[in-house]
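The values are calculated or read from the model by the stated rules, or taken from the named source; none is laboratory data. None of the values given here were measured: they were computed from a predicted structure. All Cβ positions, even for glycine, are placed from backbone atoms using ideal geometry, and neighbour counts span all protein chains on display. Surface accessibility is based on the protein's heavy atoms, side chains included, excluding ligands, DNA and RNA. Shrake-Rupley method; radii C 1.70, N 1.55, O 1.52, S 1.80 Å.
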Amino acid sequence: VLWGTHKSCHAFHLAPRTLRFQSVSATGAPRWNDHDRPEKFNFASDVLDYWTQMEKEGKRGPNPALWWVNSQGDEVKWSFRELTDFTCRAANVFTQTCGLQQGDRLALILPRVPEWWLVAMGCIRTGIIFMPGTTQLKAKDILYRLKQSNAQSIVTTDALAPEVDSVASECPALKTKLLVSDHGREGWLDFRSLIQSASPDHTCIKSKTTDPMVIFFTSGTTGFPKMAKHSHGLSLRHSFPSSRKVLQLKTSDVLWCLSDPGWIMATVETMIEPWTAGSTVFIHHLPQFDPKVIVETLFKYPITQCITAPSVFRMILQENFGSLRFPTLEHCAAGGEAVLPEEQEKWRQRTGLLLHQLYGQSETGLTCSTPRGSQVKPGSMGKAIPPFDVQVIDDEGNILPPNTEGNLGIRIKPTKPIGLFMLYENDPVKTAKVECGDFYNTGDKVTIDEEGYIWFLGRDDDIINASGYRIGPAEVESALAEHPAVAESAVVSSPDPIRGQVVKAFIVLTPQFLSHDPDQLAKELQEHVKAVTAPYKYPRKVEFVPELPKTITGKIKRSELREKESSQMQRQ
Ligand code: BCO
């Protein structure tokens, strides 16, 4: 076996913290500047294989490139050389066994298992566009993704294979299904054994920087998730000096980003950014979120940098852990939702470490941050990361002066910056809608101060940000509508001290359910939503109402319900 669930398969020893690698520049080999626009770029050949070469020449230390663990004591450690070998094999599996070609789409729905990185990098080598998805997706969500994207292939795990099979007949473009499992399944190819028998000889495509690389599904204020398509520029951007400044990763760093592999944060922070610097990517399988396991892991392994959602830091602070002075941890960053100044202060007091904020979207990747070593202004999401020219704009795209509330805009004219998404696939209307004068309008309300620090104020629409998940109300309302008790519903955000916001559903019942026990019915509806769509979207709060507030034209006034929630929370 090349790998698998085996104890400490490679005898890697991490360099002591004081030992830094002198033979290569401590921050890797920056070959591009912030405003370079090379015609060709491919993360596999330009970055991964570069570090493989450095290893061969003895210019990189013995730290693994990927270090994966689980709670059972299993461990996988791969060097860059092994990663080049395995990802070339993955590339051959896709092109030779599956018959996939550059530009084809592959849905990648795996938990945090080492194969996720092989699939993603195998796609990059071949130009197959990968589409990460969380394993919380249900059959209906998967069907939507496969159909919208015309996916030719899917890679997933045991738990989701039956969900895929239940909808596969409705997806004529789907040619191959690959299973990552220790067991076979009829109609599925066994990814692990194919990798073992595949050749490690593969020639990476010479991709243009502007060729598509990855699609992220992202929730919108109306309808179902949009497909934010990114080019290879997303990965090139992390070679730029300004991006490298954010975490200042070195080959000796061990970076643990806890994000589910379904989100852009994982693609960037568990692959692109650390490997650009030749650092170690640390992954814990974490099938269930448990603050105790996170704290134990930070004590047990020589992790130097940790990135996760603010809710995770809050959940850790809420527990009664004796000490949070982690022996090797040097830098912490939080992204996906806003962090309050008091939370940053509490984290500093308990751990001795500053909590840096990161800001970005599926459309933008990393957009703002307080780079390591620069002044943290508590509550601010930091400054713009070049080459993004970030401005606060009004609804016409005019730049507003400092300390004035407006939309966070990223300049796209005359030139779209490297790293910003290309477009919403198949949706020119929504793509045009987010263009505002010379800017891409993120829809996030912010202010900017005289020193360029940006302060998050909220959304200008109905999108809910629950513990870092971006949730569109229509997705939850549509799931609720499938239940016979629901005549009508309106879903909005409700403030929450731990998760920032939670999903709240106001529900008008059908006559036959009016006499049901409301607590039991609320639980039943919550379970129903968890069963028909990704469970993170389920309404943690439910209120039954006789009617919903509407405009004269019959549009639900979600803002009225949202304000009601906010004022109620303030009174409590
Ligand atoms: O809380 P409950 O127990 O009632 O429900 C939870 C789960 O137990 C449940 N569930 C999960 N899988 C299920 C299931 N139920 C039925 N069947 C299944 N297969 O559903 C609920 C899921 O909620 P959750 O995921 O919020 O769970 P949890 O365990 O409370 O996790 C907390 C967090 C903080 C770990 C989680 O919310 C999280 O990971 N948040 C971060 C999201 C994130 O990474 N966002 C970044 C996006 S990228 C970006 O913003 C760009 C930034 C540069």
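Report whether or not Tyr424 is within 28 Å of Gln305 (Cα to Cα), touching a residue at least 12 places away in the same chain (Cβ under 8 Å), away from the ligand (no atom under 16 Å from the Cβ) and in contact with a strand residue (DSSP E or B) (Cβ under 7 Å, 6 or more places away or on another chain). Taking the combined requirement at face value, the residue does not satisfy it. Of all the listed residues (Ala505, Ala534), the sole one being out of contact with any strand residue (DSSP E or B) (no Cβ under 8 Å at 6 or more places or on another chain) and either under 18 Å from Ser219 (Cα atoms) or β-branched (Val, Ile, Thr) (or both) is Ala534.
Cβ-Cβ under 8 Å, sequence separation 6+ or interchain: first residue in region 109-138 and free of Cβ contacts under 8 Å to residues at least 60 places away in the same chain, partner among the hydroxyl-bearing types (Ser, Thr, Tyr). Which pairs? That search, which allows pairs on different chains as well, returns Gly122/Thr87; Ile128/Ser153.
Taken over region 158-194, residues that are under 15 Å from Leu100 (Cβ atoms) and either among the aliphatic types (A, V, I, L, M) or touching a residue at least 60 places away in the same chain (Cβ under 8 Å) (or both) amount to 8.
Step by step: first the residues of region 350-395, then only those that are open to solvent by 30 Å² or more (accessible area, probe 1.4 Å) and in contact with a Cys (Cβ under 8 Å, 6 or more places away or on another chain), then the one that is farthest from the ligand (Cβ to nearest atom). Which residue is that? Within region 350-395, the match that is farthest from the ligand (Cβ to nearest atom) is Asp395. The condition (being under 20 Å from the mean Cα position of the chain (by Cα) and either over 23 Å from Arg499 (Cβ atoms) or of a type in the set (Lys, Arg) (or both)) is satisfied by just one residue among Ile393, Ile385: Ile385. Within region 400-427, track down each residue that is open to solvent by 10 Å² or more (accessible area, probe 1.4 Å) and in a strand (DSSP E or B). Matches in region 400-427: Arg411, Leu423. Going by the conditions given, is Thr221 touching a helix residue (DSSP H, G or I) at 6+ places or on another chain (Cβ under 9 Å), part of a loop (DSSP other than H, G, I, E, B) and open to solvent by 10 Å² or more (accessible area, probe 1.4 Å)? Criteria met by Thr221.
Screening the candidates Lys564, Lys555 for the property of being surrounded by fewer than 15 Cβ atoms within 10 Å (Cβ to Cβ), of a type in the set (D, E, K, R) and more than 30 Å from Glu163 (Cα to Cα) yields one hit, Lys555. Restricting region 168-218 to residues that are closer than 30 Å to Thr415 by Cα and of a type in the set (D, E, K, R) leaves a set whose member that is farthest from the chain's Cα centre (by Cα) is Lys206. Scanning region 79-131 for residues being over 22 Å from Glu273 (Cβ atoms), open to solvent by 10 Å² or more (accessible area, probe 1.4 Å) and among the aliphatic types (A, V, I, L, M) gives a total of 0. Consider Lys430 carefully, then state whether it is assigned to a helix (DSSP H, G or I) and touching a strand residue (DSSP E or B) at 6+ places or on another chain (Cβ under 7 Å). Considered against the rule, which asks whether it is assigned to a helix (DSSP H, G or I) and touching a strand residue (DSSP E or B) at 6+ places or on another chain (Cβ under 7 Å), Lys430 comes out as yes. Scanning region 437-489 for residues that are away from the ligand (no atom under 16 Å from the Cβ), over 30 Å from Pro518 (Cα atoms) and open to solvent by less than 10 Å² (accessible area, probe 1.4 Å) turns up just one, Phe439.
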